[in-house]
Amino acid sequence: MSERDDSKGGSGPETGNKMWGGRFAEGPSAIMREINASIPFDKALWRQDIRASKTHVAMLAAQGIVTAADAAAIAGGLDTVAAEYETSGVPENWDLEDIHMTTESRLAELIGAAAGRLHTARSRNDQVATDFKLWVREACVAADAALGALQVALVTRAEEHAATIMPGFTHLQTAQPVTLGHHLMAYYEMLDRDRSRFVDAHRRASQCPLGSAALAGTGFPIDREATASALGFAMPTRNSLDAVSDRDFALDYLMAASQCALHLSRLAEELIIWASQPFGFVVLPDALSTGSSIMPQKKNPDAAELVRGHAGRIAGCLTSLMMTMKGLPLAYSKDMQDDKPPVFEAAGLLTLCLAAMTGMIDGAAFRTDRMRAAAELGFATATDLADWLVRQADIPFREAHHITGAAVKLAESRGLALDKVPLADLQAIDPRIDERVFAALSVDQSVASRASYGGTAPEQVRARVAEARRDLGLE
């Protein structure tokens, strides 16, 4: 988008390079025409541009800046343009540069010279900032709703598997038994933070730039509070220079999207691992898997892998816009035309990733037998032995840790689970161990004992699921 001194209106817009007015004796070169045009991507803002333009002209009429007749003609013409865009799409005339000039040019064809009054008391600088901020606010709302749908899927499956035993890992090594419900609810908590970030981004984008004009405001007696309210903003922006320079709202969205994508990528990675034959913890839905062109036995978790891969692209979009904005002086610079492609790309990818992950969680068939068997291997209850020694034999934890390490070494040398090591052999390591220890070494008892707030015990999982269901409006 290239700015011009057109905030005072004038006669109707012209076509081609004359859109710039009389400043230039020669038209742009083909290279300039191509590098300058943003219509291929900013046409996505047409709904926001029509809405903001109708709001702007209604305010101009209310303030007596344009006549009621001209305002009605402009509003009616904009409705016709919107209907054309809805039916046939937005035409891409690169000579018109962007969605704003494309719309204004078509409006002039429809209603004549009155179209030129639409741009009174505004600039393309505040116009694009308003349109883009409206779009980003809508994207924040959409992301929050999609995250809520994924949370519903997680809560539903977590409730189903509140007592399902599986191994918990650190360093991808068996650590302690946990429940599948507890594991799934960990991602619920991550997504809850993601939702809060989108809500915060939406709230911070609640000031309306419209009326800031090119950079200094306008001399016309406009009512910025009226346009801000009509467009759903809380208030007008408080500094016209900042208003047309600001893209924090776009960065806020990309930061929230990037963090969310990282969480989705972690969940995708676990599903990929769990779906592999050595694990066999889950069978992913056929509809979100693919086969091999040469190996007929293959069922590849491609949707999960693409969610994992898309996280890098979304983070790249954030980096791209950060680098665009990092050294720009006030107010508007043409670099800022590159603000929209990374946001549009990230929003599209995030929407797809959230839908794919919701489908995978909804349709996953968990192999609870394989999970339990894995939890019973790898000495997952070793910590429970150490805890038992502390509680029942009054042994300091560091000493109990050493005793337990010796017991694990013995069990490993004999190929036995801890609860299958004979009592006499355990007592040879430390005579303070008695038969009561075996009750503490089962995976069920291990999980049940982790009943501290936020722990993996089924009763804690069910309590958190109940809270989450209330938060999601499911009860």
- Query: Measuring with a 1.4 Å probe in the full set of protein chains, what accessible area per residue, in whole Å², belongs to the chain?
  - Reply: 45
- Task: Keeping to pairs on different chains or 8 or more places apart, tell me how many lysine pairs in the chain have Cα atoms under 14 Å apart.
- Result: 4
- Using θ = phi - 60° and the Karplus relation 6.51 cos²θ - 1.76 cosθ + 1.60, list the HN-Hα couplings for the stretch 227-243 in order, rounded to whole Hz, with x at every Gly or Pro. 5, 4, 5, 5, 8, x, 8, 6, 6, x, 5, 9, 9, 5, 4, 5, 4
- Item | Ranked order, L416, L352 - accessible area, probe 1.4 Å, largest first | L352, L416
- Query: What's the angle, to the nearest 10 degrees (0 to 90), between helix 340-363's Cα axis and the longest principal axis of the chain?
  - Reply: 40
- Just flag the trypsin sites (Lys or Arg not before Pro) in the stretch 404-475 sitting in loop per DSSP whose Cβ has no more than 15 other Cβ atoms within 10 Å. R432, R436
- Query: What is the helix-to-structure angle for 180-204, meaning the angle in degrees between its Cα long axis and the longest Cα principal axis of the chain, kept from 0 to 90 and rounded to the nearest 10?
  - Reply: 20
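Where does the charge balance sit around A58 when Lys and Arg score +1, Asp and Glu -1, over other residues with C-beta under 14 Å from its C-beta? Working shown, then result.
Working: positive: R51, K54, R117, R122, R224; negative: D70, D79, D223, E225.
Here the charged neighbours net out to +1.
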- Counting Lys and Arg as +1 and Asp and Glu as -1, each charge on the Cβ, what is the dipole of the stretch 378-472 about the Cα centre in debye, to the nearest 20? 280
- Task: In whole Hz, with x marking every Gly and Pro, tabulate ³J(HN,Hα) for the stretch 303-313 from phi via Karplus 6.51 cos²θ - 1.76 cosθ + 1.60, θ = phi - 60°.
- Result: 4, 5, 5, 6, 4, 4, x, 5, 4, x, 5
- Item | Largest-first ordering by accessible area, 1.4 Å probe, given options I99, I35 | I35, I99
- Message: Need one value: the accessible area of E412 in square angstrom, 1.4 angstrom probe, rounded to the nearest 10.
- Response: 120
- Query: Largest first, what is the accessible-area ranking of D126, D362 with a 1.4 Å probe?
  - Reply: D362, D126
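Among rounded, prolate and oblate, which fits the stretch 91-224 when a ≥ b ≥ c are the square roots of the eigenvalues of its C-alpha gyration tensor, a/c under 1.5 means rounded, and a/b larger than b/c means prolate?
Prolate is the answer for the stretch 91-224, as a/c is 1.5 or above and a/b outweighs b/c.
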- Message: Please report the projected area of the stretch 125-373's Cα convex hull averaged over all directions, in nm².
- Response: 16.1
- Projected area of the stretch 32-120, taken from the Cα convex hull and averaged over every viewing direction, in nm²? 5.4
- Would you compute, from DSSP H runs of 4+ residues alone, the mean residue ellipticity of the chain at 222 nm, taking -39500 (n - 2.57) per run and dividing by the full residue count, rounded to the nearest 500? -19500 deg cm²/dmol
- the stretch 328-387 and the stretch 163-194: distance between their alpha carbon centers, rounded to Å: 14
- Query: Going by alpha carbons, how many degrees (0 to 90, nearest 10) lie between the helix axis of 124-160 and the longest principal axis of the chain?
  - Reply: 20
- Message: With a 1.4 Å probe and all protein chains kept in place, how much accessible area does H56 have, in Å² rounded to the nearest 10?
- Response: 0
- Report M323's accessible area, 1.4 Å probe, all protein chains in place, as a number in Å² to the nearest 10. 110
- Task: Starting from the amide H of G168, placed 1.01 Å from N in the peptide plane, find each other amide H under 5 Å away whose residue is 5 or more places distant or on another chain.
- Result: A175, Q176, V178
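Got a number for carbon plus sulfur as a percent of the chain's accessible area, 1.4 Å probe?
So the carbon and sulfur contribution to the accessible surface is 54 percent.
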- Message: In Å and on Cα atoms, what radius of gyration and Dmax does the chain show?
- Response: 30.8, 100
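May I ask you to work out the translational diffusion coefficient for the stretch 378-472 at 20 °C, viscosity 1.002 mPa s, via Stokes-Einstein with Rh from the Kirkwood sum over Cα pairs, reported in whole µm²/s? Let's see the in-between values first.
On the way: Rh = 14.4 Å.
Answer from the Stokes-Einstein relation: 149 µm²/s.
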- Cβ-defined net charge surrounding D286, 12 Å radius [Lys, Arg +1; Asp, Glu -1]: 0
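The values are calculated or read from the model by the stated rules, or taken from the named source; none is laboratory data. In this text, all values refer to a predicted model and were calculated from it rather than measured experimentally. Cβ sites come from the backbone with ideal geometry, for glycine too, and all protein chains shown count toward neighbours. The area values use the complete protein model at the heavy-atom level, side chains included, leaving out ligands, DNA and RNA. Shrake-Rupley method; radii C 1.70, N 1.55, O 1.52, S 1.80 Å.
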